[in-house]
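Here the structure is laid out as structure tokens; the discussion comes afterwards.
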Amino acid sequence: MGFKVGLLGLGTVGAGTVQILQNPAQRHPLLKELEIHRVGVRSLDKPRPVELPASCLTTDLESIVTDPEIAIVVEVLGGLEPARTLILSAIAHGKHIVTANKAVISRFGEEIFQAAAAAGVYVLLEAAVGGGIPVIEPLKQSLCSNRIQSVMGIINGTTNYILTRMQQEGAEFDAVLDDAQQLGYAEADPTADVDGLDAADKIAILASLAYGGKIDRDAIHCEGIRQITATEISYADKLGYSIKLLGIADRLETPDSAEDTLQIRVHPTLLPKAHPLASVNDVFNAILIEGDPVGQVMFFGRGAGAGPTASAVVSDILNIAALLKVGRDGMKQSDGKPLLDPLLACEHQDYCAIAPIETLNMRFYVRFLTQDNPGIIGRIGTSFGDQNVSLESVVQAGMRDGHAEIVVVTHEVPEGSFRQALAQIEAIPGIAQVASVLRVL
Ligand SMILES: NC(=O)C1=CN([C@@H]2O[C@H](COP(=O)(O)OP(=O)(O)OC[C@H]3O[C@@H](n4cnc5c(N)ncnc54)[C@H](OP(=O)(O)O)[C@@H]3O)[C@@H](O)[C@H]2O)C=CC1
Ligand SMILES: N[C@@H](CC=O)C(=O)O
Ligand code: NA
């Protein structure tokens, strides 16, 4: 007898998942033992790219998570509700969970993992970060002997696709976003992609696994790519940088404190072109992890789209099916509590401390539009100097709309000092606009 799978959602990822499950040839033999039992959707009439018996489809999602025949529930609905409630209900009914939903895991992960631990079931989420790239399970298992220093990556396919086409073709933001939606990369509400929220969900999940603690999702500084224009891309290029939306988690050196403090942030970043992440283009994602003693490890592949994401979903289903096959589910500890494989399950007790962004040291790129007055560069330099912000380069780049354009790149400075200097500069007569501020790696 096979393992019955209940699928919640039959959109981009759900349909990709069905396509793999219906075509097991030349894949792992265990795939032949999986059976799509029920599929939950919002609309029964919608045309689908996959064929399923009509009796399989339902709009009653609760009936799937309570179905006694189903062993594994796959949640590929997206959004917070009803996803969270359905996952919790499925767990309460003894189902193992596979999910691609980073929004729900980054906000309700601990509630879900605690419920799973109490019920003795697994919640696997490889598809939630980096789409088809194996990064969650490697962090949980293959790298678990390491003390992780940093996790840094391009973890949103939609924005990387948009930035790449803006850089390579000078394409307009809105037109490229439409293409990303057509290709199935973007979230149902693409604001989550464009404003960096999806990447923040993902770096929260990666940081939680890397540092073994809960992450307050609201403490993550998050900026998206709406303010990136062709001008910034072109100046960055001339200065030797590519602009990428990065998710960054790093352990801060705090010798006086017994507890680690982390920096976790998402923002567009000027990356030196020689950096390993700078040439990661289109929908590709890459995650660079630094651990002790492994050193740097980089994971690269397609971060969104039906096939790549379904690859991760179905691999998680197979991992659970393998446990079921050898009877490694439903095991008990001596006190009768459920026993889960500690490398596959993820439950954390304490919150990690996250440093506010103002306290971090960073390099900045800033573009000013000014009146073309003598001495203006000197006054900008003095204001930075007043706040101990040392400058790497100051270039009068040319004229735009009757204003002189001045581009400054700083050395590494505290964000707070940089912002104070910027406020001082904005008050200088002759400064028309601070046209752009970006961080530099
Ligand atoms: N697309 C991608 O490349 C990736 C997506 N993900 C994640 O995978 C998940 C799914 O994404 P994706 O497939 O793109 O999303 P889609 O919007 O394409 O599909 C969502 C599916 O869920 C169904 N659905 C949504 N809400 C309800 C509801 N309230 N009741 C019943 N059915 C519902 C929809 O039904 P109907 O079809 O009837 O409208 C649809 O079939 C999300 O969490 C996303 O973040 C993760 C990695 C990559
Ligand atoms: N919208 C997301 C989908 C995958 O997680 C992205 O663009 O990366
Ligand atoms: Na992944």
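The values are calculated or read from the model by the stated rules, or taken from the named source; none is laboratory data. Small disclaimer: the values here were computed from a predicted structure and weren't measured. Cβ placement follows ideal geometry from the backbone for every residue including glycine, while neighbour counts extend to all protein chains displayed.
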Quick one: Gln149 ticks every box in (1) closer than 19 Å to Thr12 by Cα; (2) in a strand (DSSP E or B) except a single one, so which number is it?
-> (1)
Residue list for segment 191-228, restricted to those being part of a helix (DSSP H, G or I), under 11 Å from the mean Cα position of the chain (by Cα) and of a type outside the set (Val, Ile, Thr) = Ala192, Asp193, Leu197, Asp198, Ala199, Ala200, Asp201, Lys202, Ala204, Leu206, Ala207
Take the residues in segment 91-129 that are free of Cβ contacts under 8 Å to residues at least 60 places away in the same chain and buried (at least 21 other Cβ atoms within 10 Å of the Cβ), then tell me which one is farthest from ligand 3 (Cβ to nearest atom).
-> Ile91
Return a yes/no flag: does segment 118-127 have any residue that is within 16 Å of ligand 1 (Cβ to nearest atom), within 22 Å of Gln333 (Cα to Cα) and within 20 Å of the chain's Cα centre (by Cα).
-> yes
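Could you tell me whether segment 165-187 includes any residue that is among the charged types (D, E, K, R), farther than 19 Å from Gln349 by Cα and within 11 Å of ligand 2 (Cβ to nearest atom)?
Looking only at segment 165-187, we keep the residues that are among the charged types (D, E, K, R), and these are 165, 169, 172, 174, 178-179, 187.
Checking the rest, the ones that are also farther than 19 Å from Gln349 by Cα come to 165, 169, 172, 174, 178-179, 187.
In the following step, the residues that additionally are within 11 Å of ligand 2 (Cβ to nearest atom) were identified as 187.
Within segment 165-187, one or more residues are among the charged types (D, E, K, R), farther than 19 Å from Gln349 by Cα and within 11 Å of ligand 2 (Cβ to nearest atom).
Condition (residue is assigned to a helix (DSSP H, G or I) and of a type in the set (A, V, I, L, M, F, W, C)) applied to segment 379-392: is it met by at least one residue? Working first, answer last.
First, pick out the residues of segment 379-392 that are assigned to a helix (DSSP H, G or I): 379-386.
Right, trim to of a type in the set (A, V, I, L, M, F, W, C) and you get 380, 384.
Checked segment 379-392: at least one residue is assigned to a helix (DSSP H, G or I) and of a type in the set (A, V, I, L, M, F, W, C).
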Scan (1) crowded, with 24+ Cβ neighbours inside 10 Å; (2) assigned to a loop (DSSP other than H, G, I, E, B); (3) among the aliphatic types (A, V, I, L, M) for the single condition Ala188 breaks and write down its number.
-> (1)
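Within segment 95-104, is there a residue that is within 14 Å of ligand 2 (Cβ to nearest atom), assigned to a strand (DSSP E or B), under 23 Å from the mean Cα position of the chain (by Cα) and in the same structural domain as Glu35 (by TED's automatic domain parsing)?
We begin by selecting, within segment 95-104, every residue within 14 Å of ligand 2 (Cβ to nearest atom); these are 99-104.
With the extra rule that they be assigned to a strand (DSSP E or B), the set shrinks to 99.
If we keep only those that are under 23 Å from the mean Cα position of the chain (by Cα) as well, we get 99.
Retained after the next criterion (residues that are in the same structural domain as Glu35 (by TED's automatic domain parsing)): 99.
Yes, segment 95-104 contains a residue that is within 14 Å of ligand 2 (Cβ to nearest atom), assigned to a strand (DSSP E or B), under 23 Å from the mean Cα position of the chain (by Cα) and in the same structural domain as Glu35 (by TED's automatic domain parsing).
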